[in-house]
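Enquirer: Have a look at the structure that comes next, please.
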């Protein structure tokens, strides 16, 4: 299996761990500053982690209302209004966390195109969306991949190229009236390595349907075997049945003698016809099972997480993204020979990764600056240029923010 960079527009996602980004930036600094920079970055990471921990607790509490876990006790029964409010919170936070984790919303027309185009899934799928109110798809990480596909019962092999998404997030909201009072009204799933043209298989209510080629594979042999059965085993029985029908309808005056030979002939014909019908039904069922197994295999090996577990992954991914964006914004503003504008900072970071590390991405400069501003590390000059506090002062400032999160003030009367 070969992977190469996609030709699509760069994403905000930077495919490096936060620790790797911190190490890459530290390498650019003089030896005496590296340890202090790492301390600053690790304190910043801890501060961001705590913020997402608080945020995650709130969203998981809301998710417990819309999708109650059987092993968790709750006080009281959620009302319809409670469930509606919790569902709104879950949906709002899911979208916000997906964007913070550098996921990109997948347009509806791209999903519709997947129903007519296929990469690896050689089955026809239909979706029953009668009880679905809202569907959201997000993706992150684009790569051009190639894979060998077999056809003609394995006799033919060909290499196909397709666009694949490293992660796909699926959110489905069901109509309240279509669910049981205690059933979940939302579904959240996270998948990996999903071909762009196979997105339709991720719907919760997808159904396998026969393609024209599948119908031919069943229909043509059925017709041929039917003709053989008719010629070899049913001719005598059909002739006898025609004579009986003609006599019963008054079209024939001479009665038909049903002796032992005639009964054996009818029995053989009935058994042959029954066996033929059973074989065709079995072939049809086996083909449907084969197609459903294909769908199940694709989903099983691509499924990363479900329901509340997805939020844990999103929170971790959003946390990583914020740390990387903030560290990069601080490092490049601090090491710039002159103050930079936001656009200059954006270009400098992107060019550095493209030239030094052969990685193209769209740096979310606004997100990194927002965190620096919130921590009081950013200095915005009147001419629109940007600077940051020096490393020692910045470390003290972040340390103070960390202490403020856990400080306890005791009043003594």
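Enquirer: Which FRET efficiency, nearest 0.05, do residue 134 and residue 35 yield, Cβ-Cβ r, R0 41 Å?
Expert: So the FRET efficiency works out to roughly 0.25.
Enquirer: Can you figure out the FRET efficiency of residue 370 with residue 80, using R₀ = 35 Å and their beta-carbon distance, to the nearest 0.05?
Expert: It comes to 0.40.
Enquirer: Given a Förster distance of 35 angstrom, what is the FRET efficiency for residue 50 paired with residue 338, based on the Cβ-Cβ distance and rounded to 0.05? Numbers along the way, then the final one.
Expert: Details: r = 34 Å, r/R0 = 0.98.
Given R0 = 35 Å and the Cβ-Cβ separation, E is 0.50.
Enquirer: Under the Kirkwood approximation for Rh and a Cα-based Rg, what ratio Rg/Rh is obtained for segment 18-122?
Expert: We get a ratio of 1.18 for segment 18-122.
Enquirer: Could you order peptides 309-319, 80-90 by the average number of other Cβ atoms within 10 Å of their residues, highest first?
Expert: 309-319, 80-90
Enquirer: Using per-residue counts of other Cβ atoms within 10 Å, averaged over each peptide, order 349-361, 42-54 from highest down.
Expert: Most protected by this proxy first, the peptides run 42-54, 349-361.
Enquirer: Which order do the peptides 99-108, 396-405 take when ranked by the mean count of other beta-carbon atoms within 10 Å per residue, highest first?
Expert: The packing order, highest mean first, is 99-108, 396-405.
Enquirer: Under a point spin-label approximation (7 Å from Cα along Cα-to-Cβ), what is the residue 42-residue 379 distance to one decimal in nm?
Expert: 2.8
Enquirer: Continuing with this model, one more query. Can you pull the one-decimal nm distance between simple spin-label points at residue 88 and residue 400, each 7 Å off the Cα toward Cβ?
Expert: Placing both labels 7 Å beyond Cα along the Cβ direction yields 3.9 nm.
Enquirer: Right, next: Could you give me D for segment 352-394, from Stokes-Einstein at 4 °C and 1.567 mPa s, where the hydrodynamic radius is the Kirkwood radius over C-alpha pairs? Units µm² s⁻¹, please.
Expert: Answer, rounded: 106 µm²/s.
Enquirer: Also, I was wondering about something else. For residue 108 and residue 359, compute 0.36 nm times the residue count separating them, minus their Cα-Cα distance, and round to one decimal in nm.
Expert: 87.5 nm
Enquirer: What distance in nm separates the simple spin-label points at residue 160 and residue 72, each placed 7 Å from Cα in the Cβ direction?
Expert: Result: 4.0 nm between the two label points.
Enquirer: Right, something else. Taking 0.36 nm per residue of sequence separation and subtracting the Cα-Cα distance, how much length would be gained by fully extending the chain between residue 306 and residue 28, in nm to one decimal?
Expert: Extra length from residue 306 to residue 28 when fully extended: 96.0 nm.
Every number here is computed from the coordinates shown, using simple stated rules; none is lab data. In this text, all values refer to a predicted model and were calculated from it rather than measured experimentally. Heads up, the Cβs are rebuilt from the backbone with ideal geometry, glycines too, and the neighbour counts pull from every protein chain shown.
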